[in-house]
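What follows is one structure encoded as structure tokens, with my remarks underneath.
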Amino acid sequence: VVGKSVSAGAVSGATLQTRVRTWLNFAQRRLARAFDFHELDIIYEGSATVADVKRYPLTTGTNNLGLTRPKDIHSITLIDGANSRKLQRYGPRRFRQKFPRPENFTSDRPLIYTRFGNTLDMFKIPDAIYTLHIWYPQWPTLFTTGSQTSDFDNKDELLITLGVMEAYLALEEYQDAAVWAARAKGQLVDAINVQGDIDWEPQADPFRIG
């Protein structure tokens, strides 16, 4: 499609054949940054708190939550029978302003969490082991072999278009890159429009004074 031999050299000096997988991975990440598609939304129910521990790495490390390639957190539900609750998310600055030292409070069922980097802090600090149900979007699996398929569903033409665009950008052929970028934009709009939360109706809360 790019009109180059796979044995030709890129600007970096690498042959184009060795760069194709890299460009497709760039395309996948660009697509994941643009929108949270359903096929990469995950419900993970294997996380848990630890008594008297406030901080939890997302993926690896002591007391980690066991998530895989998390891009963000959509919601966390603390499971405790009739006392189960959806935790409220605070931004890091607000969290630190409200609770500069969570250890000063008696441990209890958490109400609030914040994400900072790749860790979550909770308030209050958990007083026991609680199962957590975490809904989160993933980054796609990187291509490492020619036999892999993408985590994205029904978006092959969009990934190819983005991959060609990335190839032209790497080759510094910006006019061709712009043509393929325009194609990718139209295909992205189509892909987003297909995904709809149709089982939903807006509901207005009653107006209250005071």
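Here are some notes:
- Solvent-accessible surface of the stretch 21-135, averaged per residue with a 1.4 angstrom probe and all protein chains in place: 54 square angstrom.
- For the stretch 162-176, 3J(HN,Hα) per residue [Karplus equation, 6.51 cos²θ - 1.76 cosθ + 1.60, θ = phi - 60°, Hz, x = Gly/Pro]: 5, x, 5, 4, 5, 4, 5, 5, 5, 7, 6, 9, 6, 5, 5
- Normalised by 2.2 N^0.38 Å, with N the number of residues, the alpha-carbon radius of gyration of the stretch 44-94 equals 1.21.
- Highest-first arrangement of 42-51, 18-27, where packing means the average Cβ count within 10 Å: 18-27, 42-51
- Each Lys and Arg adds +1 at its Cβ and each Asp and Glu adds -1 at its Cβ; summed about the Cα centre, the stretch 41-100 shows a dipole of about 460 debye.
- Diagonalising the gyration tensor over the Cα atoms of the stretch 70-123 and scaling each eigenvalue by 5 before taking the square root yields semi-axes of 18, 17, 8 Å, largest first.
- Rounded to whole Hz, the Karplus (6.51, -1.76, 1.60) HN-Hα couplings of the stretch 44-58, x for glycine and proline: 10, 10, x, 8, 7, 7, 10, 4, 6, 10, 9, 10, 9, x, 6
- Shape index of the stretch 29-144: Rg/Rh, with Rg the Cα radius of gyration and Rh the Kirkwood radius from the inverse mean 1/r over Cα pairs, equals 0.99.
- Spatially proximal lysines relative to Lys155 (Cα-Cα < 24 Å; intrachain offsets below 8 disregarded): Lys71, Lys185
- Over the stretch 114-168, volume per residue of the alpha carbon convex hull, in Å³: 166
- Part-to-part distance (alpha-carbon centres) for the stretch 14-63 and the stretch 117-178, which is given in Å: 6
- The phi-based Karplus calculation (6.51 cos²θ - 1.76 cosθ + 1.60; θ = phi - 60°) puts the 3J(HN,Hα) values of the stretch 138-146 at 9, 7, x, 5, 5, 6, 10, 9, x Hz, whole numbers, x for Gly and Pro.
- Stokes-Einstein diffusion coefficient of the stretch 136-198, Kirkwood radius over Cα pairs, 37 °C, 0.692 mPa s, in µm²/s: 248
The values are calculated or read from the model by the stated rules, or taken from the named source; none is laboratory data. Note that this is a predicted model, so its numbers are computed, not measured. A quick note on method: Cβ atoms are made from the backbone with ideal geometry, for glycine too, and the neighbour counts reach across all protein chains shown. With ligands, DNA and RNA removed, areas are computed over all heavy atoms of the protein, side chains included. Shrake-Rupley method; radii C 1.70, N 1.55, O 1.52, S 1.80 Å.
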